[in-house]
Amino acid sequence: MNSTSEHARRETADNMGMLAHVSHEMRNILNGLLGYLDLINGDLSQNENERHLDKARQSGHYLQYLINQTLDFAKLAAGEYRTQPQDIAVPEWLSDTLDVFRANAQQKRLRLQYTLDDTVPDCINIDVKALNHIIRNLLSNALKFTSRGSVSLHISVAENASIPMLIFRVKDTGIGIDPADQGRIFQPFQQAQHTQQGGTGLGLSLCSGFAEALGGTLSVESVVGEGSSFILTVPFIPNKTDTGMAADFVMQTQTAMIVLADTTQSTTLARLLRWLGANVVACSSAPEALFHLRQQTINSNGPAITLLIADAQLPGMSGDRLFNEVAHSGIKPLPFCLLLDPTEEHRASCVADAIVHSPVTLSDLLSLPLMKAKPPKHAPETTNARILLVEDTPLNQELFLGQMQLLGQPLVVITSSGQEALDRLTHETFDIIFMDIMMPGMDGVQTTEHIRRQYSAEALPIVAITANLVGSDISKYLTAGFNDVLAKPYAIHQLQAVLSRFLSWPESPSTKLEPVHEQNAQTQDDTLSWHAALTRVGGDEELLIAILHPFLAELPSKLEKMEQALVENDAALMQRQAHSLKGLLRTFGADAAAKVSEQLEHAAKYQNQVDMMHAFKALAEPLAEAQKALYARVTPSS
């Protein structure tokens, strides 16, 4: 009896402690929110009022985050959390995860690094919500408590385990954790004495709870003054689905040369490139790379190098000097990418086609010059094929029509929803369908599954159009009944290649496309890749400007919807809006703003309110720069 009473007393004390912690934190946030709202009045300037409103909005978002965190804790404590495993492509997941923390690491001049063992499969089956919560919390803590050095994520497969187990190790060179605190930091509302910086103290407790829900463990190794390593070990299911990119995605059949002295970094980068379909030639020094390129020029042996990626800080000869040697030694010109350490000052003495800061992720590779496809020299003669486009975004509809006219294909029927497409098919016939994936209501996958009940893949080809062409998504689209996949933003020659495959268009058409003139392609800064945008429309600047005008006019309304989604925590609305914005920005060559839009889309996809808030805030600056550059394109110069 006494034992039962004592247990009940301790449980009551724990619950009271939880209420005290949470209510104290909520009271602080509410005081701040109400205080900022009280400061808003008619006597202040608009800028001051907007600043107070922004602070109040941030307080509201953090309050919502705290409530969600408390609810997650209660669900885990009650054993009510149910895992929802799903297939994820590891390179894509890594890119999404690390891109969230890049800006913070660069601001603190910390090296953000990762390694991926060869034993880790490209695609795994796991509860991504729980995994994201753990890894992102650990990375966030590592960056918070590290003032110099590095933060790294290492992923490997456990050896000699009875079932497949993944090991995620988040390591930092920060302040470390005292041995006396290491046993208590995973308990609710507990923080290490010398690391207390406010908050509820639920972060690591939630991480430990999610680890247990996944059937795994979370532990720590730390030395005060040297840093900490948090080790997550969780079971997973290897997925043997082919996760390489589709044939139309331009690194297929390409060969990249990477020149890095760091063997681990070189191996990881080579794996990402191969995952995208590229062949890889790895060199550890500039002289080795020059020798290989000269031998190829002389003997024409082996696959032709189509992209050169070199570290700026190569021993002996720097990466930019290597490029200058290549440019002046009779070697065939090729796109060049310079890899920079974000913690070191470096001014390249060459004009690189692209500069990428380490760590190189999938999103970095997808933005390289090789991805900017070249237009075809000719368009096919006019055909009588009937084409159906299923696309809900008016600007994308107009772009598709313009591209098809350039290709001599006037017979295009457009529908704005999956249901409308199904209705059309009841009384009309088509030779090919181009299907957008993300649409409200019935999406592209669901619509295609309906169509396949009546038409086989041979009888009616269906091509998916998506801005999410990575990893396991491709297999999902093909399994659903699509014949092929076309990635947004696609170049006009890629569209022509698809049409030629399925409609047997002539290989030597006569009508010439407008060339892309260099003087029209240059931009005032690195914000806009206008040349790439012109390439996608075959050099037709008039068409590009025609769809740019309505985009700029509708942008404020789109941003209002995104802010509404953030305030109402409507992840589905945010995902649709961010997805649409990402695709349109890429169409116009605004790659920097598009990349942040993609981060926002993924945060919404996984219903991560905090990441949504951070990504939406981070979007403001690159989007404003893109708007300015795009307005310059539609405004006649004086």
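List the number of the failed condition for residue 454; all other conditions in (1) out of contact with any Leu (no Cβ under 8 Å at 6 or more places or on another chain); (2) assigned to a loop (DSSP other than H, G, I, E, B); (3) on the phi < 0 side of the Ramachandran plot hold.
For residue 454, the exception is condition (1).
I'd like to check something: does region 609-617 contain any residue that is open to solvent by 40 Å² or more (accessible area, probe 1.4 Å) and out of contact with any helix residue (DSSP H, G or I) (no Cβ under 8 Å at 6 or more places or on another chain)?
Taking every residue of region 609-617 in turn, at least one turns out to be open to solvent by 40 Å² or more (accessible area, probe 1.4 Å) and out of contact with any helix residue (DSSP H, G or I) (no Cβ under 8 Å at 6 or more places or on another chain).
Only one of these is open to solvent by less than 40 Å² (accessible area, probe 1.4 Å), over 20 Å from the mean Cα position of the chain (by Cα) and closer than 20 Å to residue 393 by Cα: 555, 585, 573. Name it.
Result: 555 is the single residue among 555, 585, 573 that is open to solvent by less than 40 Å² (accessible area, probe 1.4 Å), over 20 Å from the mean Cα position of the chain (by Cα) and closer than 20 Å to residue 393 by Cα.
Among the listed residues 410, 375, which satisfies the condition of being modelled with pLDDT under 75, open to solvent by 20 Å² or more (accessible area, probe 1.4 Å) and under 16 Å from residue 490 (Cα atoms)?
After applying the criteria, what remains is 375.
Residues to consider are 116, 139, 143, 131; find the one that is out of contact with any helix residue (DSSP H, G or I) (no Cβ under 6 Å at 6 or more places or on another chain) and under 17 Å from residue 96 (Cβ atoms).
Of 116, 139, 143, 131, the one residue that is out of contact with any helix residue (DSSP H, G or I) (no Cβ under 6 Å at 6 or more places or on another chain) and under 17 Å from residue 96 (Cβ atoms) is 131.
Of everything in region 452-490 that's in contact with a Ser or Thr (Cβ under 9 Å, 6 or more places away or on another chain), at pLDDT 75 or above and hydrophobic (A, V, I, L, M, F, W, C), which residue is surrounded by the fewest Cβ atoms within 10 Å (Cβ to Cβ)?
Per the stated criteria, the residue is 480.
If the requirement is being in contact (Cβ under 8 Å) with a residue 24 or more places away in the chain, out of contact with any strand residue (DSSP E or B) (no Cβ under 9 Å at 6 or more places or on another chain), open to solvent by 40 Å² or more (accessible area, probe 1.4 Å) and farther than 24 Å from residue 93 by Cα, which of these qualifies: 621, 563?
Of the residues listed, the single one that is in contact (Cβ under 8 Å) with a residue 24 or more places away in the chain, out of contact with any strand residue (DSSP E or B) (no Cβ under 9 Å at 6 or more places or on another chain), open to solvent by 40 Å² or more (accessible area, probe 1.4 Å) and farther than 24 Å from residue 93 by Cα is 563.
Mind listing whichever residues of region 308-331 are of a type in the set (D, E, K, R), open to solvent by 20 Å² or more (accessible area, probe 1.4 Å) and under 20 Å from residue 365 (Cα atoms)?
311
Under 23 Å from the mean Cα position of the chain (by Cα) and not in a helix (DSSP H, G or I) - does that describe any residue in region 129-138?
The answer is no; no qualifying residue exists.
For residues that are in a helix (DSSP H, G or I) and of a type in the set (A, V, I, L, M, F, W, C), scanning just region 588-608, find the one that is surrounded by the fewest Cβ atoms within 10 Å (Cβ to Cβ).
592
Could you say whether any residue in region 619-636 is part of a loop (DSSP other than H, G, I, E, B) and more than 26 Å from residue 139 (Cα to Cα)?
yes
When the residues of region 100-156 are narrowed to those that are basic (Lys, Arg) and open to solvent by less than 40 Å² (accessible area, probe 1.4 Å), which ends up farthest from residue 364 (Cα to Cα)?
The selected residue is 136.
Using the structure shown, decide if residue 304 is part of a loop (DSSP other than H, G, I, E, B), of a type outside the set (D, E, K, R) and at pLDDT below 75.
Taking the combined requirement at face value, the residue does not satisfy it.
Is there any pair linking a residue in region 85-99 that is under 19 Å from residue 210 (Cα atoms) and part of a strand (DSSP E or B) to one that is open to solvent by less than 10 Å² (accessible area, probe 1.4 Å) and at pLDDT below 85, with Cβ under 8 Å and at least six apart or on different chains, and which?
Filtered contacts from region 85-99: 88/471.
Which members of region 75-94 meet the condition of being small (Gly, Ala, Ser), over 17 Å from the mean Cα position of the chain (by Cα) and open to solvent by less than 50 Å² (accessible area, probe 1.4 Å)?
Listed by number, the list holds a single entry, 79.
So is residue 97 among the polar types (S, T, N, Q), modelled with pLDDT of 70 or more, out of contact with any strand residue (DSSP E or B) (no Cβ under 6 Å at 6 or more places or on another chain) and open to solvent by less than 40 Å² (accessible area, probe 1.4 Å) or not?
Yes.
Please find, within region 413-437, the residue that is least open to solvent (accessible area, probe 1.4 Å) out of those that are in contact with a Ser or Thr (Cβ under 7 Å, 6 or more places away or on another chain) and touching a residue at least 40 places away in the same chain (Cβ under 8 Å).
So, considering only residues that are in contact with a Ser or Thr (Cβ under 7 Å, 6 or more places away or on another chain) and touching a residue at least 40 places away in the same chain (Cβ under 8 Å), the one least open to solvent (accessible area, probe 1.4 Å) is 435.
When you scan region 142-160, do you find a residue that is under 20 Å from the mean Cα position of the chain (by Cα), farther than 22 Å from residue 83 by Cβ and acidic (Asp, Glu), even just one?
Within region 142-160 (the criterion being under 20 Å from the mean Cα position of the chain (by Cα), farther than 22 Å from residue 83 by Cβ and acidic (Asp, Glu)), the answer is no, since none of the residues qualifies.
Return yes when residue 591 is within 29 Å of residue 406 (Cβ to Cβ), within 18 Å of the chain's Cα centre (by Cα) and not small (Gly, Ala, Ser) and no when it is not.
The answer is yes for residue 591.
The values are calculated or read from the model by the stated rules, or taken from the named source; none is laboratory data. Bear in mind that the values here come from a model prediction, so they are computed numbers and not experimental data. Cβ sites come from the backbone with ideal geometry, for glycine too, and all protein chains shown count toward neighbours. Ligands, DNA and RNA are excluded from the accessible area calculation, which covers all protein heavy atoms including side chains. Shrake-Rupley method; radii C 1.70, N 1.55, O 1.52, S 1.80 Å.
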